[in-house]
Each structure stands twice: as C-alpha cells, then as structure tokens.
Amino acid sequence: MWRVGGIGVGIGVGWNIAVLGPIATRLSHAYGVSLAVVGAFVTVQFVMHMLTQIPGGRAADRWGARRSALLGMGLVLAGNAISLPAPHPLLAVLGRAVVGIGTGFAFVGGSDYIRARGGGPLLQGMYGGGSVLAPGIAVAVVPSLPGWRAGYLSAIVVCAAAAVLLLLAPSSPRTVRHAGERLDLGFFRDRALYRLAAIHAMSFGFSVIVGNWVVTLFEHHGHGKAVSAAAGSLTLLLGFFTRIGGGWLLRRDDARRWIAGSLVLGGACCIVLALPLPIGALVACAAAVGLAAGIPFAKAFVGAASARPDAPGAAVGFVNACASLLIVAGAPLVGLTFSLPGDGRIGFVVLGILTALASLATPR
C-alpha cells in the first residue's frame, strides 16, 4: 500500500503542472486578461515550487516524509479551491502561489517517503515516471472538460484521490539524527549535490522548456498545429518509461555512461529540432528528447539522498530546486529568442549545447 500511496503523490503533483496551459485561451477570455498574464499564473506556481524545495525537504527530515507530503497535498487542494469562486486574476495568482508551496512540500516528501520505506532506485524511477505521465494525460483530458474551472476541479479530484491513498498508507519514520539542526555551510558546498543538480536540471528542466516551446517553434516554421502539439507532448510523456528504466540502469556498472549518453543525445536532438528538416524527422527527435530526459532522474534523487544522509530530504529538494530555477529562468529566455533571427532556433541550439555539456557533470 505504501508504494501506491507514494507514487500517487507524484501523480497528484504532476497533474498540477499542466492544468492551465492547455486551456490558456479559455482562461484569458474568462479572466479578461492576455495570454501573457495566464502564463504568469503558471510562473508564480513554479517560483513558489522552487523556493519551497529545500524547506519541504527539511520538513520531511524533521516531521517524517508522509506527514510532510500530506501537508503539501492539503495545500495543493486549498490552492485550487482558492481559485474557484470567480475568474478574478488576484484569486488565480494567490491560488497558484499556494499550489506551488504545496507541490514543493509534496513532491520532495513523496520521494523521501519511498526512500524511508525502503524503496530503491527502480521505485524512485516509477515515482518520477508518474509525475511526468500525469501532466501528459492532463494535456489530453483538461481541454475536453467544460468551463474555465476545468483545470482547478480536475486537480482537486486527482489530488484528493492521491491524498486518500497516502492517508491509508503506513507512516514513515524520521530517519535523520540531527534533523532539528540547521543545515551547515558544508551542505551548500557539496560538489556532489551540484553535479546531481546539473544532470537533473538539464534533463527534467530541459524537457519542460523544450515541451513548452517546441510547438511554437514548429508552427512558426510552417508545420501544422496538430502534429506540432503531438510532438510537444512526446517530450514529457515518453519520460515516463525512461525514468523507470533509469532506476533499473543504476544496477549496472556502466550506468554513468548511459546517463551521460542520454544528456548528449537529448542535447543533440534539441539542436536538430532547430533545423529545417521534414516533420517526420522532427517528431522522431522530439520523441528522442523525451526518452533521453527521463534516464538521469533516479540517479539524481537517489544520489542526492545518499550523498547527504544527514539531510536526505533537503538534498533532494536542493537538486529539484535547481531544475525549477532552470525552468523559471530558461523558459522566458528561450521565448525571447523568437524575436531574434531564426525565430526561436537560436534558443534551441543554445539549450541543446548546454544539455550536452551537462554530461560532463555526471557523477562517477
């Protein structure tokens, strides 16, 4: 039961990543604002998610991961409920801010709960897989639901179900001997954490940025909306399979080569997406980006917890915060390149190069 409860947290958090974007035009009409303002709702959520990663990890270390994850799921439910009464921008901003705090606590807490209950790399990969499968399903389901509240209501239903599963699961012990103490400066000087943060940011964060802009890139260069949207979904959906596979790979002696190779492959395919190739070749590259992006996940999370046994939750939070920072900063920067020569291609080339270079940070 604890496995189902833990993975359910990842699904609940993941669903909230993609409940507004698929109905952005509908929301802009209901709220009477531009699409840029609707985008700002999502940005607020990611900023708060980023800022609460380490506090969420410390909460898991001090109070127990299950309790911390339940707190996070409760905040996610509350944040979505705040936005329900009326299509007022202030309610949307406040609601997404609370949701971001909740996902910050819940995502780290869910991962640490699986670790504390004895789950290994394969189960961590399944947890991460659920967190990217859920937004892929949300992209397909939410637009078919009626009304401007569709995203909020669907998130409440999914997260309530996940919270019930976690409530029925057994508790997790506090596993850190000195969880009440502050993090020492050595935590933030730990090179191993920065190496793990680099491979996670340039896999998960990288795939989110590509997924957000590849549809626009294809459309601006003459490809149809339907095939462009399908290609964009592949950059997230296919990570479900390779996040699980990445957990299995950690049993192999050559796991480092596979992880480094996945970053090189993802970066190279990102660069190819910027080339004037037939749409079939571009869709294949988008699929390769999604598959490659999932492989480093298990190593990043399992490695972070192992590197800092004094604060495993905080270590996982730090690694995930770096990926969130990349999304918050990188997504608008790539968007700005659509006003430069090449109409977005420069952004994809630069992102691809940085991702390939991140392979050098793969821990031995």
Per-residue [θ]222 nm for the chain (sum of -39500 (n - 2.57) over DSSP H runs n ≥ 4, rounded to 500): -24500 deg cm²/dmol
Full-extension gain in nm, residue 86 to residue 251, via 0.36 nm per residue minus C-alpha separation: 54.3 nm
Debye intensity ratio in log₁₀ form over the Cα atoms of region 10-52, taken at each q of 0.35 Å⁻¹: -1.16
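Per 0.36 nm of contour for each residue apart, how much would the distance between residue 1 and residue 277 grow if the chain were fully extended, relative to their Cα-Cα spacing? If you can, show how the numbers build up before the last one.
Numbers: separation 276, 0.36 × 276 = 99.36 nm, distance 4.79 nm.
The span from residue 1 to residue 277 would gain 94.6 nm if fully extended.
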Label selected from (1) 20.6, 59; (2) 19.3, 58; (3) 21.0, 72, the criterion being Rg and Dmax of the Cα atoms in Å as computed here: (2)
Fewest-first ranking of 279, 199, using other Cβ atoms within 10 Å as the exposure measure: 279, 199
Ascending count of other beta-carbon atoms within 10 Å, so fewest first, for 31, 194: 194, 31
Cleavage-rule hits, trypsin sites (Lys or Arg not before Pro), region 204-252, DSSP coil, Cβ neighbours within 10 Å at most 13: 251, 252
Total charge dipole magnitude, the chain, about the Cα centre, Cβ charges on Lys, Arg, Asp, Glu only, Debye to nearest 20: 740
Compactness of region 1-80 as Cα Rg over 2.2 N^0.38 Å, two decimals: 1.30
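Going by how many other beta carbons lie within 10 Å of each one, how would you line up 2, 148, fewest first? Before the final figure, lay out each step's value.
Values: 2 20, 148 16.
Ranked by crowding around the Cβ, least crowded first: 148, 2.
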Positive-pole candidate from 194, 151, 101, dipole of region 80-201, charges at beta carbon: 194
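Laboratory data are not the source of any read-out in this text; all were calculated from the coordinates shown. Bear in mind that the values here come from a model prediction, so they are computed numbers and not experimental data. Quick reminder, even Gly has a Cβ in these numbers, built from the backbone with ideal geometry, and neighbours come from all protein chains shown.
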